[in-house]
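To keep things clear, I will list the structure first and then write my remarks on it.
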Ligand code: GUN
């Protein structure tokens, strides 16, 4: 079966186009959406992600400010920075890039962010609203996945959606979003994780598989049914002999999935660009709400 490539880069361009008039309307009221990013430590992947995020802000005429700290920063200093950013009206959104060093209590950091500026949608208030089916800020990667479904007219109503991974960033929220009693949702969602016995038994029954476990080329063609839709959130570095010394692969094995899946997201160029576009959209939303 021919496999449609779900081009997240292209979908993200349509998101940015749709945001243009909203950004202009804000600017006509002297407001430029502005995101504060906190980056702790020297993790190369996090540095790349943050650079990619802030680049899109400037590409679209928005502001962002990256505040960097060494990995031995204390929790107290980090918390006081967040309290300061909460009060600073110049910033509409606050993003703390994860992962954080082990000595930092991640929950304390998330809880400290003003839910009105929580453009990542990780604060328990925003997660609660999402769970109740009345989302305010939706986490960027799950929101981006839903937008890919919408863009390509992939209906999930009545479909069996199997999510592999239960992180608070992707797996958990996408399992909620795909099963809400709403137009563009209404799926029957199964969530698999590290405690699941024989994950393949579930993915083989799925109409849609969402991979968010962070394990290179975990899902093979033999583990899916003919015609399934595969959404691959994984971005894994695998060492090889190339000049760079590594390549980026997803959680799915592209070679064996292609030809059996009806559609799949590429890595890179699938979910990644959508995560960033949704961060820009959430920051625009935060700026709009700041006027209410
Ligand atoms: N690390 C990996 N993904 C994300 C994300 O979506 N937001 C933040 N803040 N950190 C991340």
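The values are calculated or read from the model by the stated rules, or taken from the named source; none is laboratory data. These figures come from a predicted structure and were not determined experimentally. Glycine gets a Cβ as well: all are built from the backbone with ideal geometry, and neighbour counts include every protein chain shown.
For the reader, a short list of remarks on this structure follows.
- The residues of region 163-189 that are part of a loop (DSSP other than H, G, I, E, B) and either more than 16 Å from the ligand (Cβ to nearest atom) or farther than 18 Å from residue 233 by Cβ (or both), listed by number, are 178, 179, 180, 181, 182, 183, 184, 185, 186, 187.
- Unique match (being part of a helix (DSSP H, G or I), at pLDDT 95 or above, within 15 Å of the ligand (Cβ to nearest atom) and farther than 30 Å from residue 28 by Cα) among 100, 130, 79, 85: 130
- Members of region 50-63 that are free of Cβ contacts under 8 Å to residues at least 60 places away in the same chain and either touching a strand residue (DSSP E or B) at 6+ places or on another chain (Cβ under 6 Å) or within 13 Å of the ligand (Cβ to nearest atom) (or both): 50, 54, 63
- Boolean, residue 153 is free of Cβ contacts under 8 Å to residues at least 24 places away in the same chain, out of contact with any strand residue (DSSP E or B) (no Cβ under 8 Å at 6 or more places or on another chain), assigned to a loop (DSSP other than H, G, I, E, B) and closer than 21 Å to residue 228 by Cβ: yes
- Single condition residue 47 does not satisfy, out of (1) outside any loop (DSSP other than H, G, I, E, B); (2) within 15 Å of the ligand (Cβ to nearest atom); (3) touching a residue at least 40 places away in the same chain (Cβ under 8 Å); (4) surrounded by 15 or more Cβ atoms within 10 Å (Cβ to Cβ): (3)
- Members of region 88-97 found to be within 9 Å of the ligand (Cβ to nearest atom) and part of a loop (DSSP other than H, G, I, E, B), listed by number: 97
- Selection from region 50-76 of residues that are in a helix (DSSP H, G or I) and touching a helix residue (DSSP H, G or I) at 6+ places or on another chain (Cβ under 9 Å): 52, 53, 55, 56, 57, 59, 75
- For first residues located in region 130-144 and farther than 10 Å from residue 279 by Cα, partners that are more than 14 Å from the ligand (Cβ to nearest atom) and in a helix (DSSP H, G or I) and lie 6+ apart or on another chain with Cβ distances below 7 Å form the pairs 130/176; 131/176; 135/129; 136/129; 142/177.
- At least 2 residues being crowded, with 24+ Cβ neighbours inside 10 Å and in contact with a strand residue (DSSP E or B) (Cβ under 7 Å, 6 or more places away or on another chain) is the threshold, and among the strands (runs of 3 or more DSSP E) wholly inside region 209-289 those reaching it are 229-232.
- Positions within region 27-41 being outside any strand (DSSP E or B) and either crowded, with 20+ Cβ neighbours inside 10 Å or in contact with a strand residue (DSSP E or B) (Cβ under 9 Å, 6 or more places away or on another chain) (or both), in sequence order: 32, 33, 41
- Any chance residue 160 is touching a helix residue (DSSP H, G or I) at 6+ places or on another chain (Cβ under 6 Å) and either farther than 25 Å from residue 54 by Cα or away from the ligand (no atom under 16 Å from the Cβ) (or both): no
- Among residues of region 235-292, those that are away from the ligand (no atom under 16 Å from the Cβ), free of Cβ contacts under 8 Å to residues at least 60 places away in the same chain and under 30 Å from residue 1 (Cβ atoms), counted: 9
- Taken together, 138, 109, 145 contain a single residue that is within 14 Å of the ligand (Cβ to nearest atom), modelled with pLDDT of 95 or more and not in a helix (DSSP H, G or I), which is 138.
- Screening region 112-124 for residues that are in contact (Cβ under 8 Å) with a residue 40 or more places away in the chain and within 14 Å of the ligand (Cβ to nearest atom) and picking the one that is surrounded by the most Cβ atoms within 10 Å (Cβ to Cβ) gives 119.
- When region 29-43 is filtered for residues that are more than 17 Å from residue 85 (Cα to Cα) and within 13 Å of the ligand (Cβ to nearest atom), the ones remaining, listed by number, are 41, 43.
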